[in-house]
Amino acid sequence: MPTTVAAPAPLAPQSDPDPGWLARLGDAVLTTDSRQRRTLGLLLLAALVSATVMLLLGYAALIGATEARHVGWLAALFGGFMVGFYTTIRSGLNRRFRDPTLALPQVISAQTLIAAGYAMTGPVHGASVIMLALVMVFGMFSLRPAALRVASLYTVAVMGVVMYLCARHQPALYPARLELFNFTLTAIVMIAISQLSGQLMNMRTRVKTQKIALEQALTHIKEMAARDELTGLPNRRRMMTLLQEHATRHGRGGPRFHVCIIDLDHFKSINDTYGHAAGDAVLRAFATQAQQILRNTDMIGRWGGEEFLLLLPETPPGDPALGVARLREALAAMPASPALPDLRVRFSAGFARYEDGEPIDQAIERADRALYAAKSAGRNRSVVL
Ligand code: GH3
Ligand code: MG
Ligand code: MG
């Protein structure tokens, strides 16, 4: 069967331009692996937000709203977590885990840090509830709903314990009624975020399904746009593209090729005698035969009506016209279609050799003239120009 697609000729190798020091630094910090980069990128974003909050706590210590040593402990705990996660991911150790993004351990660590902060920040502890919600928002982008529920449950549990202990041991700073209020608020926010996460997941799944369906439809449309419906052969547009590609490739040192136009002889009389549907069946049978008999390197497409265009690369040894001669012989010995066992299909063919640098239209025009000459000389023959 003749092929219809050929690989493009390799382009001259190009040396990559220097990516610059910023890109090199980015590669060193975030690695060049795209997945690891995304995981580390998210960690560093979380680190940036947390570091800003630490600065804010520093300010709280400065104005006497909290104790400086408590802020120091929190900063040390935060630094420990960050170093731990960064080295685990940067070294590739994270790949051994079921979820290499380590999203759940990161969220749990962050909530633990915030719970510790809640217990240490005295008068400004109420603000921690906002931070709990922010961490869960981060989690929504990287955790599945089930894991997010685990994180929410953990948050409610750990905050419950911390709030209870604070109310018990420091009732002046953590009045029990206020703690009950904070706890209820935390629980409500966690439940709401868990719910939203489920909806977000559904939305993502829908978008993904739609994307796959669109991609499939696009492939199908492209395939349809390149094929002739009746014969299944590449259509005129596709053949034109292939001819242009081969002309360009020949210009770069690729093989030379011949263009051949085949026109079935007295096809109108088949239609007139047996009907249009019978004519269609003859066109289909011709296409099938041609695909079977031509060389693998030859390409055939429907040019229009009862005309076919062949692209025949010069692949030594062998005359490019031999395949067409074989096709002529085969058709002389076989029915024009299964329904017309006594009818034979004959055709005239015009060949043109593609000349260096000429526009492809010129070669097609020569093939057309050669075809006209074959018709004028009595049909059922080939002429080369
Ligand atoms: P010649 O030997 O000079 O080529 O004569 P011809 O009858 O083959 O050529 P002509 O151009 O006079 O007629 C071509 C016919 O092909 C006319 C047209 O109705 C028919 N045809 C074009 N496309 C189709 C098609 O898709 N199906 C069918 N059944 N007939 C088609
Ligand atoms: Mg014709
Ligand atoms: Mg014809």
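None of the figures in this text is laboratory data; all of them are computed from the coordinates on show. What you are looking at is a predicted structure, and each value in this text was computed from that prediction instead of being measured. All Cβ positions, even for glycine, are placed from backbone atoms using ideal geometry, and neighbour counts span all protein chains on display.
Annotations
- Cut-off under 5 Å, modelled amide H: who pairs with Thr297 long-range: Thr3
- Applied to the stretch 145-159, the Karplus parametrisation 6.51 cos²θ - 1.76 cosθ + 1.60 on θ = phi - 60° returns per-residue 3J(HN,Hα) values of x, 5, 5, 5, 5, 4, 4, 5, 4, 4, 4, 4, 5, 5, 5 Hz, with x for Gly and Pro.
- Translational diffusion coefficient of the stretch 216-277 (Stokes-Einstein, Kirkwood radius from Cα pairs, 25 °C, 0.890 mPa s): 168 µm²/s.
- Rounded, prolate or oblate (a/c below 1.5 giving rounded, otherwise prolate when a/b exceeds b/c) for the stretch 64-194 by Cα gyration tensor: oblate
- Trp303 long-range amide H proximity, modeled H, under 5 Å: Phe308, Leu309
- Fluctuation leader among Pro171, Pro335, Pro316 - the chain, Gaussian network, Cα springs under 10 angstrom: Pro316
- Placing +1 on each Lys and Arg Cβ and -1 on each Asp and Glu Cβ, with no other charges, gives the stretch 334-385 a dipole about its Cα centre of roughly 420 debye.
- Whole-Å distance, taken between Cα centres, linking the stretch 235-302 and the stretch 49-77: 78 Å
- When each of the peptides 206-214, 106-114 is scored by the mean number of other C-beta atoms lying within 10 Å of its residues, the order from highest to lowest reads 106-114, 206-214.
- Proxy reagent accessibility, fewest Cβ within 10 Å first, across Trp21, Trp73, Trp303: Trp21, Trp73, Trp303
- Cα-centred dipole magnitude for the chain, charges only on beta-carbon of K, R (+1) and D, E (-1), debye, nearest 20: 1060 debye
- Volume per residue of the C-alpha convex hull in the chain, rounded to whole Å³: 218 Å³
- Placing pseudo-labels 7 Å out from each Cα toward the beta carbon at Asp33 and Val49 gives an inter-label distance of 2.5 nm.
- Per residue, the convex hull spanned by the Cα atoms of the stretch 271-324 amounts to 75 cubic angstrom.
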